[in-house]
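Encoded as structure tokens, the structure appears first; notes follow it.
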Amino acid sequence: MISKNSLKEQSNGFLVDDKCLFGAEVFVIESQQRVVECVSVLKVPIPFKRDWKIENFSKLKDVWTSEEFTAGDHKWKIDLYPDGNTKEKGRSVSIFLYCVDSNSFAANEKVRADYCIQIKNSLHSTDNSAKRVKTTHSGTSPPAASHSNKYSSWFTLSATTWGWPAFISIADMRDPCKGFIVDDCCFLQIEISVRAVVRNAPSNSN
């Protein structure tokens, strides 16, 4: 602050030819908010396992979606695209695992899961969920083994879905000698283990 008399005093040099020059400096102070994360590493001796029998496979539309299931205190579901999606459309069967709960995650909240998705061979499976519905097949090659893929992913608010755009080629999936589709049915299985959970912990502001 400056007094009016000091401003008008010519010897002070604030007024020259009845003009004065003003300047301002602006300082921006960023507020820093500390985020404390709570990481839980889980021991899962036996993974969660779930099977589905997908009937009328040839009549499926754009996507088949499983019912929700719970594993590691989180809800999940599977999306299967029989004719593929995005750039694999018309070439591969696409399969994705979707964490339903992740839509309501906080910004830094996330879940890591190890999972294996399998399309079973119905021609020679000994699993009760995929009993053999045919005992013969055409061709000279034996039926292919069940087809599976494994992955480990972090599911977050911005990454709710992980999987395989090219899980298996449509040609292999529909080949009657492979045994993946028998009597227009296929058997899908997932094994999943939730390995770690990261949540925001309340910080002490004092």
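Derivation of every value follows stated rules applied to the coordinates shown; laboratory data play no part. For clarity, every value in this text was computed on a predicted model and none was experimentally measured. Don't worry about glycine lacking a Cβ; one is built from the backbone with ideal geometry, like all the others, and counts go over all protein chains shown.
Protection proxy ranking, highest mean first, for peptides 106-116, 58-68, 150-160: 106-116, 150-160, 58-68, where packing is the per-residue count of other beta-carbon atoms within 10 Å, averaged. Hey, which of these cross-link pairs are over 19 Å Cα-Cα: K49/K150; K53/K178; K89/K110; K49/K77? Beyond 19 Å: K89/K110.
Rg and Dmax of the range 52-105, both derived from C-alpha coordinates alone, stand at 12.8, 36 Å. In order along the range 50-61, the phi-based Karplus estimate (6.51 cos²θ - 1.76 cosθ + 1.60, θ = phi - 60°) of 3J(HN,Hα) comes to 9, 10, 9, 9, 9, 8, 6, 4, 5, 9, 5, 7 Hz; Gly and Pro are listed as x.
Note the full-extension length gain between K49 and N149 as 0.36 nm times their separation in residues minus their Cα-Cα distance, in nm to one decimal.
On the way: separation 100, 0.36 × 100 = 36.00 nm, distance 1.46 nm.
Working it through step by step, the gained length comes to 34.5 nm.
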